[in-house]
Amino acid sequence: MLEFRNVSFSYEKERPVISDLSFKIEEGETVGLIGANGAGKSTVMKLFLGLLMPDSGSILVDGKELTKEVLSDVRKALGFVLQDSDDQMFMPTVIDDMMFAPLNYGMSREEAEAKADEVLEKLGLTELKNRYNHRISGGEKRMAAIATILAMEPKVILMDEPTAALDPYNRRMVINTIKELPQTKVITSHDLDMIMDTCSRVILLSKGRVAADGPAEEILKDKDLLEANRMELPLRYYM
Amino acid sequence: MNKLETALRDLSEMDRLNSIDSPVHRMSPLAKFLITIAYIAVTVSFDKYQLSNMLVMILYPAFMFSLSGIPVRTCFYKLRIVLPLVMAVGLFNPFLDRVPVMRIGSFVVTAGMISMVTLMLKGVFSLTASFLLVATTPMDCICAALRKLHVPSMLVTLLLLTYRYAGVLTEEASVMTDAYLLRAPGQKGVHISAWGSFLGQLLLRSMDRADDLYASMKLRGFSGEFAYAKDVKLSASDTVLMVLCIGAFILFRLVNIAGLLGSLFV
Ligand SMILES: Nc1ncnc2c1ncn2[C@@H]1O[C@H](COP(=O)(O)OP(=O)(O)O)[C@@H](O)[C@H]1O
Ligand SMILES: [Mg+2]
């Protein structure tokens with residue numbers, strides 16, 4: 001479904017951020033992309049979305065190689081939940097934001113609103129429908145941001161640090177929502193407890209390379225591996 | 001939140017006013033936009049001594065306020081940081097142009113005073129008309145109307161982003177000001193020696209955020225067209241109204257209505 005083949009990328013010359021990175025994610029998988037700050041997690045997401053183009057190597061989404069020509073199709077299939085919901089929710093109200101993508105993709109207003117209603121209902125957020133984006137709390141905004149992405153019916157959902165800056169209650173809400181979603185998911189975070197709860201497989205990035213790739217239970221229990229990569233065991237493994 | 005931020009935020013948060021339902025809100029955005037442009041063009045074109053002729057232009061905003069249900073108070077409250085700037089334009093006229101034109105009791109009215117008031121009113125009228133447009137029309141619809149008029153999509157997108165981004169920018173500026181002041185106790189504002197790096201930082205941070213915001217629009221299918229704005233077609237009644245309004249403005253400009261009314265009673 002998603003694949004990196006020997007991808008290298010750098011923002012500035014002589015300071016590679018992604019170096020010869022290869023991995024493959026199958027349809028239906030939920031993969032946690034973990035790594036310390038600056039490991040390159042967000043960069044990997046932006047490469048999948050075609051917001052950045054690799055210096056070398058190739059990226060495949062749904063069997064298609066990512067090029068300028070297929071970019072709009074690829075983007076339609078990928079839903080990206082940004083790290084900062086303020087950057088994502090730019091329309092006045094939640095419902096406007098949810099209808100933004102469907103309308104851009106040619107749905108009628110009625111269809112788009114019905115679709116949005118359905119998503120809100122499913123996430124238990126109907127109360128947020130007509131609220132103003134700048135008047136809802138951080139937790140509500142994060143949930144609303146997830147809702148706007150679901151309204152575009154993506155095949156794959158990419159989430160960048162979905163639980164960052166949330167209180168325990170809202171964090172739990174987001175985790176439960178992620179667990180319910182049937183799509184292929186890639187989630188970046190250093191909230192390893194959240195990754196443990198939501199992901200079956202983990203890819204550990206370090207300095208733009210894969211440091212480990214395998215079942216979540218194995219990697220997240222490996223104290224030495226995590227510490228070598230500037231991370232700590234999930235809380236639940238501290239006895 | 002500091003004062004500047006509240007003031008700027010008030011200005012950018014028109015959404016609440018947009019959601020009122022009134023005949024003005026229901027009018028076609030394209031018609032409203034064209035009427036507003038015509039209104040401003042006509043208002044600005046009055047001669048600087050034609051105060052009495054121009055006064056009649058107040059009818060349009062007065063009419064729109066009463067129809068739209070938007071309180072005049074709200075308009076002037078929201079515009080409180082921009083109005084003084086506009087009003088300052090004619091401030092020196094009374095000193096430069098002291099030719100007396102009439103006398104009220106012992107008070108001599110000079111040509112400079114008249115031109116000052118005319119200039120100020122031109123500013124206030126134009127600003128009020130723009131406010132009424134923005135307060136009764138969602139920004140996306142204004143953008144869609146601009147696209148209908150074949151304004152390049154690049155420019156329209158830029159306008160939309162600026163509007164969307166105004167809130168985020170003031171927030172960023174306020175966070176930075178607070179962070180600065182916490183480490184500079186006793187200072188009233190950002191010291192002039194720090195302005196360079198302060199503005200530089202603000203610009204960099206803003207560019208990063210604007211980048212993310214634009215990415216988020218592109219990723220959800222935005223291509224420079226305003227698919228999500230409600231239809232901007234002109235209905236027959238919109239067209240009639242538009243012709244009537246613009247006709248009235250031109251009439252006001254060419255005929256001294258106030259003088260005419262006055263002469264009826266003499
Ligand atoms: N726009 C940019 N310009 C230059 N360097 C960047 C830019 N964005 C990120 N980087 C650098 O790339 C590296 C990886 O960043 P990022 O992918 O954001 O990491 P993560 O999301 O894992 O914290 C970091 O060293 C960061 O400083
Ligand atoms: Mg990141």
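The values are calculated or read from the model by the stated rules, or taken from the named source; none is laboratory data. The structure displayed is predicted, hence computed values, not measured ones. Note: ideal-geometry Cβ built from the backbone for every residue, glycine included; neighbour counts use all protein chains shown.
Observations
- Across the stretch A:36-53, the number of residues qualifying as more than 6 Å from ligand 1 (Cβ to nearest atom) and within 14 Å of chain B (Cβ to nearest Cβ) comes to 9.
- Qualifying residue in the stretch B:227-248 (condition: aliphatic (A, V, I, L, M), within 16 Å of ligand 1 (Cβ to nearest atom) and at pLDDT 85 or above): no
- Top-ranked residue of the stretch B:163-207 - restricted to ones that are within 14 Å of another protein chain (Cβ to nearest Cβ) and of a type in the set (Lys, Arg), ranked as surrounded by the fewest Cβ atoms within 10 Å (Cβ to Cβ): B:Arg205
- The stretch A:174-191, residues that are within 13 Å of ligand 2 (Cβ to nearest atom) and either within 14 Å of another protein chain (Cβ to nearest Cβ) or acidic (Asp, Glu) (or both): A:Asp191
- When residues in the stretch B:148-158 are screened for being more than 14 Å from every other protein chain (Cβ to nearest Cβ) and in contact with a helix residue (DSSP H, G or I) (Cβ under 7 Å, 6 or more places away or on another chain), 2 of them pass.
- Of the residues examined, B:Met113 is one that is assigned to a helix (DSSP H, G or I), over 18 Å from the mean Cα position of the chain (by Cα) and at pLDDT 85 or above.
- Which numbered condition B:Ala210 fails, given (1) within 14 Å of chain A (Cβ to nearest Cβ); (2) at pLDDT 85 or above: (2)
- Taken together, the residues in the stretch A:144-173 that are away from ligand 2 (no atom under 16 Å from the Cβ) and more than 16 Å from A:Asp86 (Cβ to Cβ) amount to 14.
- Residue list for the stretch A:108-135, filter: more than 15 Å from B:Arg220 (Cβ to Cβ) and surrounded by 20 or more Cβ atoms within 10 Å (Cβ to Cβ): A:Leu120, A:Leu125, A:Leu128
- Number of residues in the stretch A:10-35 that are more than 8 Å from ligand 1 (Cβ to nearest atom), more than 13 Å from the chain's Cα centre (by Cα) and hydroxyl-bearing (Ser, Thr, Tyr): the value is 3.
- Total residues in the stretch A:68-99 satisfying the condition of being within 16 Å of B:Tyr165 (Cβ to Cβ) and without any contact (Cβ under 8 Å) to a residue 60 or more places away in the chain: the figure is 8.
- Whichever residue in the stretch A:4-42 is at positive phi and free of Cβ contacts under 8 Å to residues at least 12 places away in the same chain and, among such residues, is nearest to ligand 2 (Cβ to nearest atom): A:Gly38
One line per residue, one yes/no per condition, for (1) in a helix (DSSP H, G or I); (2) over 25 Å from the mean Cα position of the chain (by Cα):
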{"site": "B:Glu171", "(1), (2)": "yes, no"}
{"site": "B:Asp178", "(1), (2)": "yes, yes"}
{"site": "B:Arg205", "(1), (2)": "yes, yes"}
{"site": "B:Ala215", "(1), (2)": "yes, yes"}
{"site": "B:Arg220", "(1), (2)": "no, yes"}
{"site": "B:Ala248", "(1), (2)": "yes, no"}
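- Test: residue in the stretch B:234-256 that is over 20 Å from B:Ala166 (Cβ atoms) and aromatic (Phe, Trp, Tyr): yes
- Enumerated helices (runs of 4 or more DSSP H) restricted to the stretch A:142-224, each holding at least 1 residues that are in contact with a Ser or Thr (Cβ under 9 Å, 6 or more places away or on another chain), without any contact (Cβ under 8 Å) to a residue 24 or more places away in the chain and of a type outside the set (D, E, K, R): A:168-180
- Extreme residue, farthest from the other protein chains (Cβ to nearest Cβ), among residues of the stretch A:192-214 that are away from ligand 1 (no atom under 15 Å from the Cβ) and among the hydroxyl-bearing types (Ser, Thr, Tyr): A:Ser200
- In the stretch A:43-65, the residues that are within 16 Å of A:Glu26 (Cβ to Cβ) and within 16 Å of ligand 2 (Cβ to nearest atom): A:Phe48
- Exactly one residue out of A:Gly79, A:Gly139, A:Gly106 is within 12 Å of another protein chain (Cβ to nearest Cβ) and touching a Leu at 6+ places or on another chain (Cβ under 9 Å): that is A:Gly79.
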